Amino acid sequence: MKPTALLAATALAALTLAGCSDPAGSGAGGTRDQIRAVGSSTVYPFATAAAELFVQGNPGMKSPIIESTGTGGGMKLFCAGVGAQHPDIANASRRMKKAEFDQCQQNGVKDIIEIQVGVDGLAFAESKEGPGLSLTPKMVYEALAANPYGKGPNKTQTWKDVDPSLPATPISVFGPPSTSGTRDSLAELILTKGCESDPAMEALKEKNEDEFKATCTRVREDGKYVDSGENDNLIVQKLGANPNAVGIFGFSFLEENKDTLKDVPINGIQATYETVSTGQYPGARPLFIYVKKAHIAAVPGLQAYLNTFAANWNPDGVLTKRGMVAAPEDVRKKSAEAVKALTVLDGAQLK
């Protein structure tokens, strides 16, 4: 880009932000001098760790504001528009959906940078005093689906009702809400896989995809599955008070609480750093941040914050020491290039 064009683009971005109100209360005359990120509770601890490193490496800069709203809630805030009253970054524990991308476009959020910052596992855990469950996607689906295989309301009460090999322990699962990317991952990686074990569901998918999705991903609402909000630490606490219950959250929360929790293997595979990083674990999933390119030049430190992420997501980096699983080398290389070149997402491959 020619210098004059670059200056014009920078000025335009600055004017766009300057014309908006300041939700962060910086008092900067309608502009914002503090990075704001919203979204995934799973990405939250890594985003805050990157914020700490950013402040350490950039004396005088304000610490970024990181809000745990859930991936879905974060995307709504992120896609609402460009300007100081809208966040700069959406943290996500799954990839942006096509519908979200389209909503962004409609609201003027045209240039979005997609950066995969790492990998996570959709962990299933129980108290150290728990029954020692070992589950499959089919078992999880039959225990949690509102209408298993479209054959009527779920009547199972114990894990033994689901499969004779399991103990007669009442089904009690604490998990993420519908606004959470972790819930989306549960639906895509586990529930749908379990649902597809019935050949009739494959036929339904061909015939009526909406009905297939509802049948395979809608969770029962009779108290067996408890929506526990966006605070994954709350689920950890509930497992301590309910030894027979199962919790579903990001792998890092299992890692941080190994003194009180134990893993519930899926398909006989435990959630470990190695199984998650290699994709062997059925619940492995990518973690992303989405950034508004229009905000890069206008919000002080935004580029430096992205650089901080990229400098610390390697296998021996600070973020992985905080519990994040490093992405494969080729993914890290692609992500580092996106940070450097500010590559814009075209949306063609989104679902």
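The values are calculated or read from the model by the stated rules, or taken from the named source; none is laboratory data. Predicted, not measured: the structure shown is a model, and the values here were computed from it. Glycine also receives a Cβ, built like all others from the backbone with ideal geometry; neighbour counts cover every protein chain displayed. Surface areas here come from the heavy atoms of the whole protein model, side chains and all, with no ligands, DNA or RNA. Shrake-Rupley method; radii C 1.70, N 1.55, O 1.52, S 1.80 Å.
Being surrounded by fewer than 17 Cβ atoms within 10 Å (Cβ to Cβ) and not in a helix (DSSP H, G or I) is true for just one of LYS110, LYS160. Which residue is that?
Answer to the check: LYS110.
Answer yes or no as to whether LEU122 is open to solvent by less than 50 Å² (accessible area, probe 1.4 Å), in contact with a helix residue (DSSP H, G or I) (Cβ under 8 Å, 6 or more places away or on another chain) and either at pLDDT below 95 or at positive phi (or both).
For LEU122, the condition - open to solvent by less than 50 Å² (accessible area, probe 1.4 Å), in contact with a helix residue (DSSP H, G or I) (Cβ under 8 Å, 6 or more places away or on another chain) and either at pLDDT below 95 or at positive phi (or both) - is met.
Could you tell me whether any residue of the stretch 152-175 is on the phi > 0 side of the Ramachandran plot and not basic (Lys, Arg)?
yes
Among the candidates ALA84, ALA50, which residue alone is over 22 Å from ASP184 (Cβ atoms), in a helix (DSSP H, G or I), small (Gly, Ala, Ser) and touching a residue at least 60 places away in the same chain (Cβ under 8 Å)?
It is ALA50.
Any idea which residue in the stretch 88-119 is farthest from the chain's Cα centre (by Cα), counting only those that are of a type in the set (Gly, Ala, Ser) and at pLDDT 95 or above?
It comes out as GLY108.
Could we say that VAL38 is without any contact (Cβ under 8 Å) to a residue 24 or more places away in the chain and of a type in the set (A, V, I, L, M, F, W, C) here?
no
Please determine whether any residue of the stretch 228-236 is assigned to a loop (DSSP other than H, G, I, E, B), modelled with pLDDT under 90, touching a strand residue (DSSP E or B) at 6+ places or on another chain (Cβ under 7 Å) and polar (S, T, N, Q).
yes
Taking the stretch 186-195 as the region of interest, how many residues are at pLDDT below 95 and over 17 Å from the mean Cα position of the chain (by Cα)?
0
Of the conditions (1) touching a helix residue (DSSP H, G or I) at 6+ places or on another chain (Cβ under 9 Å); (2) within 22 Å of GLY250 (Cα to Cα), ASN154 fails just one. Which one is it?
Against the list (1) touching a helix residue (DSSP H, G or I) at 6+ places or on another chain (Cβ under 9 Å); (2) within 22 Å of GLY250 (Cα to Cα), ASN154 comes up short only on (2).
Kindly indicate the residue of the stretch 58-84 that is buried (at least 17 other Cβ atoms within 10 Å of the Cβ) and polar (S, T, N, Q) and also nearest to PHE46 (Cα to Cα) among those meeting that condition.
Step by step, filter the stretch 58-84, then rank; the result is SER68.
Check whether at least one residue in the stretch 260-273 is open to solvent by 30 Å² or more (accessible area, probe 1.4 Å), modelled with pLDDT of 90 or more, of a type in the set (A, V, I, L, M) and at negative phi, and report yes or no.
Checked the stretch 260-273: at least one residue is open to solvent by 30 Å² or more (accessible area, probe 1.4 Å), modelled with pLDDT of 90 or more, of a type in the set (A, V, I, L, M) and at negative phi.
Can you tell me which residues in the stretch 164-185 are outside any loop (DSSP other than H, G, I, E, B) and either over 18 Å from ASN154 (Cα atoms) or over 23 Å from the mean Cα position of the chain (by Cα) (or both)?
Within the stretch 164-185, PRO170, GLY181, THR182, ARG183, ASP184, SER185 meet the criteria.
I'd like the residue in the stretch 334-351 that is among the charged types (D, E, K, R) and in a loop (DSSP other than H, G, I, E, B) and, out of all such residues, is farthest from the chain's Cα centre (by Cα).
ASP346
Taking into account only those residues within the stretch 249-290 that are among the aliphatic types (A, V, I, L, M) and in contact with an Asp or Glu (Cβ under 9 Å, 6 or more places away or on another chain), which is farthest from ALA37 (Cα to Cα)?
Among them, the one singled out is VAL264.
Filter the stretch 315-331 for residues that are free of Cβ contacts under 8 Å to residues at least 40 places away in the same chain and open to solvent by less than 60 Å² (accessible area, probe 1.4 Å) and give the result.
Within the stretch 315-331, GLY317 is the sole residue that qualifies.
Please find, within the stretch 280-312, the residue that is surrounded by the most Cβ atoms within 10 Å (Cβ to Cβ) out of those that are more than 29 Å from GLY81 (Cβ to Cβ) and not polar (S, T, N, Q).
TYR281
Which of the residues spanning the stretch 199-227 are surrounded by 19 or more Cβ atoms within 10 Å (Cβ to Cβ) and part of a loop (DSSP other than H, G, I, E, B)?
Of everything in the stretch 199-227, just one residue is surrounded by 19 or more Cβ atoms within 10 Å (Cβ to Cβ) and part of a loop (DSSP other than H, G, I, E, B), namely ARG220.
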